[in-house]
Structures are given as C-alpha cells and as structure tokens.
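Notes follow once the structure below has been shown.
The values are calculated or read from the model by the stated rules, or taken from the named source; none is laboratory data. This one's a predicted model, so the numbers in the text were calculated from it and none came from an experiment. Ideal geometry is used to build each Cβ from the backbone, glycine not excepted, and the neighbour counts take in all protein chains shown.
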Ligand code: ADP
C-alpha cells in the first residue's frame, strides 16, 4: 500500500514539475516574444535613423551645392558689375567690344568667349573678340557660321544655351561649331547700329553651367548693347557739336568780315559827311557874312522887302550851319576822332551852366525847371564840354517839345558804379512805335512841332554816341501827351 502511495506521490510530483516547467516555458516564450517585438521596434528605429541620416547627408550636400552655386553667382555678379562699370564710362565702340579679358571670362565661370558683330555694311558676322580660340581654329566656324543660325539668335532676341530646353538640334550644331560642351549665347542688340552676339562656353564637362550663369551672360550682353548705344549717341552728339562749332566758327568769320566791311563803309560815310560838311561850312560862312554886311547896310541903304529876304537868308543859313555842325560832330564822334578829356566833374555845376545858357528859351515858354541833385553826389568822370552837349540837347528837346508853362525836372542819383541822370518833361511825349528808333540818326517823329520847327534828327544819336563813349547807357520812357523821361549814366570818379 505504501509502495502505491509512494508511486502516486512520485507521479504527482512529476506532474506538478511538468506543469511548473510548462508554465515556465510559456512565460519564457512570452518573454522571447516581447524581446522579439522590442528587437523589431529597435530595428525599425535604426532603419528610420538611417533614413534620416541619409536625408541629412543629402540635404547637406544639396546645401553645399547651393552654397557653391550662390558663391559662383555672387562672384559672377561681382565680375558683371565690374565690367558694366567699365563699359558705362567708355564711348569707344572698339574698346567696349574688346573689354572682356580671359580672367573676366573665368570669373564668370567659363573658359571661352567670342563676340561676333553683324556688320551692316558687309552683311556678315565678323569676330571682334576671341578668348580661348585662335583665329585659325575659328576659320571653319566663320565659314559655316551661316547667317541662318545666328541671325535667328538676333532676330528672335533670345538666348540659346546648353541647358535650355528648346532647340536640341541647334544645340548640337553649336557644340560642334564652337567646340564647347556647355555654352550660353546671348544677342547684343543696341537699338540702332550693328547687332551681334556674345558666346561663352567651356569644353570640359566638369564645368557645369546654371540658369544663373545664363542670366548673367544675358545681362552682360544687354550692357554691351547699351554701351554701344551710348557710344553711338555720344559720337552723334560729338559730331553734331563739331559741325556746330565749325558752323559757329564759319559764321563768326563771316560776321567779322561783314563787320570789317561795315566799319569800312561807316568810315567812308563819316569821311564823306565830314568832307561835305567842311565844304559846306565855307560857302555858308560867306553867305551869312555877305547877308550880314548887306543887312547892316554897309554897302548902302536897302529897301524893306530886300531886308526881309536877307533876314530869311540869315536865319536859314544859321539853321544850315547848325545842321552842318551837328553832322560834323556826329561823324567826328562816330569815327572816334574826338578825344575825350576825362576829368572829375560836378553834375550841379554842369546843369547850372546849361540851364543858364537855356534861360532865354525857358523864359520864353515860361517853363518851370526843378533840380534834384543830392549834395554829396560824387563827381562823374567825364569830358565836360561833351557832357554839356548832352544836357543842352536833352534839355533843349524837353523845352522844344513841352508846351508853354510846362515843367521840366532834372534828377541825379548814384546807381552802382554810375551816376544816373533823369531829365523829365510833361510835354507831348513820344508814340510807342517811335521809341525803338528814337536814337537813330536823322529820325524825327512826325508831329506838329517837328513840322513847324526845323531839326536834323541828329541830336539824340549824338547824345547816345557821347554817353556810350563814356561807357554809360541811355534810354527813354515816354507816354504820348503825358511826357518823356530821358535817363543816362556816367561813371563815378574813383
Ligand atoms: P531833332 O530834335 O533835331 O528833331 P533829335 O535827335 O534831338 O532831333 O530828336 C529826335 C526826335 O525825338 C525829335 O524830332 C522828337 O520827335 C523826339 N523827341 C526828342 N526829345 C523829345 C521830348 N523830350 N519829347 C518829345 N519828343 C522828343
């Protein structure tokens, strides 16, 4: 019985052990599964990290590339700015087209450069700049460079480049033609004058070009076009200026010649007037002399009628003598034969003495004359007898053209380096249309007074000559039926 129990016990314990072992196994398996899930998770994370690392590396590489491109662009822009600045100050077409150097081309990221211009006169493209090519090397290119392809660039006014999408056939042709792997061709299109294009290229496949490079070459071609236009405009302006200068020189020469001729004619006129006046003075003096003798009845008594005629002869010969004297004066002053004796002159003394001289006429017409000459007025530097003639003429006219009981005013003032004298009257005035001619020789206004009183029309021109000879000025302001003011200046004594 005991043996059965022992067996049963043993079986029981084995069963329990097996159950325990099974339980442990189940738990272990569960643990393994957990570990496996963890390992899978870790694996996934590792993969993700790997992906991210790859992404970071890729981004870093792209960033580096972008940085490189940016650096290249900045350096290209810097070179472009340098070239543009130099182009903007050149007005020589040859210098503009030959300005680019090998180092400029390299700084722009290329190896070779060509500039071709289509000479309107020759109707063919000729190379004006070769960098990285020999003329020999391009011989074939020149031959094959059909107007077709390149005229297309100019006509369409657009770039062709090895990276642009369109025209693949053209690109292959260009690669062969210019022996370049990468290239940019940009048209040079000044608004007027010869057009052309710039070619930039590189044969090594490592040198990669970007859209930025294409843009820079396009801007460069535009700047060259603008510089060519500026040069053309400058040349045009320069030519116009030269022609103008030549014309001005020619005209000046002609004017000088004309002036010389006028001077000659003027001198001959003055000589003639002076000679005639002299010749007239002698017979006039004897006519007046004989008339005076007869009038004085030194040769016997004469009848009243004869006396009256003789008085007329006397009066008219006086007028004639005055006229001849005026003529002589004008011609003498005009031809510079009168030498001015310049000395300090007090204006007050001169006006007083002239008014004294004209007292009879003033009294005759009961004209009131007022003087306004400041006490401390500086002296004028002038020839006394000539200035007296100026006053006599101007005051004489003022009296002549002012009705009875009229008023005349004389004023003097300092104006800068001069003394200005104004002689005003409230007489008949001068019509506006006559003012521009009033100082002309022999000019007289057609009015009642002039019709009844003789005059030569020489007085004012004489006055103007005298004032101008003193480096002074003379002008007139007048209103018909209201009055006239003649103003003139004389230099102050320093
Ligand atoms: P003349 O007195 O011999 O005619 P002038 O040369 O002195 O010659 O003057 C020219 C003309 O200017 C005069 O005929 C007159 O018509 C006009 N004139 C000059 N002074 C005056 C004045 N103060 N008032 C009006 N008219 C004047």
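When residue 434 is tested against the conditions (1) under 45 Å from the mean Cα position of the chain (by Cα); (2) within 10 Å of the ligand (Cβ to nearest atom); (3) touching a residue at least 12 places away in the same chain (Cβ under 8 Å), the lone failure is (3).
Show the residue pairs that are 6+ apart or on different chains and have beta-carbon atoms under 8 Å apart, the first residue being within region 271-285 and closer than 18 Å to residue 458 by Cβ, the second being outside any helix (DSSP H, G or I). These pairs meet every condition: 271/335; 274/335.
Can you confirm whether residue 212 is touching a strand residue (DSSP E or B) at 6+ places or on another chain (Cβ under 7 Å) and more than 12 Å from residue 160 (Cα to Cα)?
Details: touching a strand residue (DSSP E or B) at 6+ places or on another chain (Cβ under 7 Å): no; more than 12 Å from residue 160 (Cα to Cα): yes.
Spelling it out, it is not the case that residue 212 is touching a strand residue (DSSP E or B) at 6+ places or on another chain (Cβ under 7 Å) and more than 12 Å from residue 160 (Cα to Cα).
Residue 51 meets all of the listed conditions (1) surrounded by 16 or more Cβ atoms within 10 Å (Cβ to Cβ); (2) more than 28 Å from residue 206 (Cα to Cα) but one, namely (1). Answer yes if at least one residue in region 451-473 is farther than 22 Å from residue 417 by Cβ, in contact (Cβ under 8 Å) with a residue 40 or more places away in the chain, more than 9 Å from the ligand (Cβ to nearest atom) and assigned to a helix (DSSP H, G or I), and no otherwise. Among the residues of region 451-473, not one is farther than 22 Å from residue 417 by Cβ, in contact (Cβ under 8 Å) with a residue 40 or more places away in the chain, more than 9 Å from the ligand (Cβ to nearest atom) and assigned to a helix (DSSP H, G or I), which makes the answer no. Total residues in region 163-196 satisfying the condition of being part of a strand (DSSP E or B) and farther than 14 Å from residue 112 by Cβ: the figure is 5.
Checking each residue in region 251-274 for being surrounded by fewer than 12 Cβ atoms within 10 Å (Cβ to Cβ) and in contact with a helix residue (DSSP H, G or I) (Cβ under 9 Å, 6 or more places away or on another chain) picks out only 272.
Filtered by the rule that a residue be more than 17 Å from residue 215 (Cα to Cα), touching a strand residue (DSSP E or B) at 6+ places or on another chain (Cβ under 7 Å) and assigned to a helix (DSSP H, G or I), region 94-114 gives 97, 102. Any residue in region 69-84 that is more than 27 Å from residue 205 (Cα to Cα), touching a residue at least 60 places away in the same chain (Cβ under 8 Å) and in contact with a helix residue (DSSP H, G or I) (Cβ under 6 Å, 6 or more places away or on another chain)? For region 69-84, residues more than 27 Å from residue 205 (Cα to Cα), touching a residue at least 60 places away in the same chain (Cβ under 8 Å) and in contact with a helix residue (DSSP H, G or I) (Cβ under 6 Å, 6 or more places away or on another chain): present.
Residues in region 99-113 that are closer than 24 Å to residue 181 by Cα and surrounded by fewer than 22 Cβ atoms within 10 Å (Cβ to Cβ): 101, 102, 103, 104, 105, 106, 107, 111, 112.
For region 392-410, residues that are away from the ligand (no atom under 13 Å from the Cβ) and buried (at least 18 other Cβ atoms within 10 Å of the Cβ) total 0.
Can we say residue 65 is in contact with a strand residue (DSSP E or B) (Cβ under 9 Å, 6 or more places away or on another chain) and closer than 21 Å to residue 214 by Cα? Criteria not met by residue 65.
If you scan region 281-301, which residues turn out to be touching a helix residue (DSSP H, G or I) at 6+ places or on another chain (Cβ under 6 Å) and either at pLDDT 85 or above or at positive phi (or both)?
As a first pass, look at region 281-301 and keep what is touching a helix residue (DSSP H, G or I) at 6+ places or on another chain (Cβ under 6 Å): 281, 284, 287-288, 291, 294-295.
Within region 281-301, 284, 287, 288, 291, 294, 295 meet the criteria.
Run residue 445 past the list (1) crowded, with 16+ Cβ neighbours inside 10 Å; (2) more than 27 Å from residue 368 (Cβ to Cβ); (3) within 7 Å of the ligand (Cβ to nearest atom) and report the number of the one that doesn't hold. Among (1) crowded, with 16+ Cβ neighbours inside 10 Å; (2) more than 27 Å from residue 368 (Cβ to Cβ); (3) within 7 Å of the ligand (Cβ to nearest atom), the lone unmet condition for residue 445 is (2).
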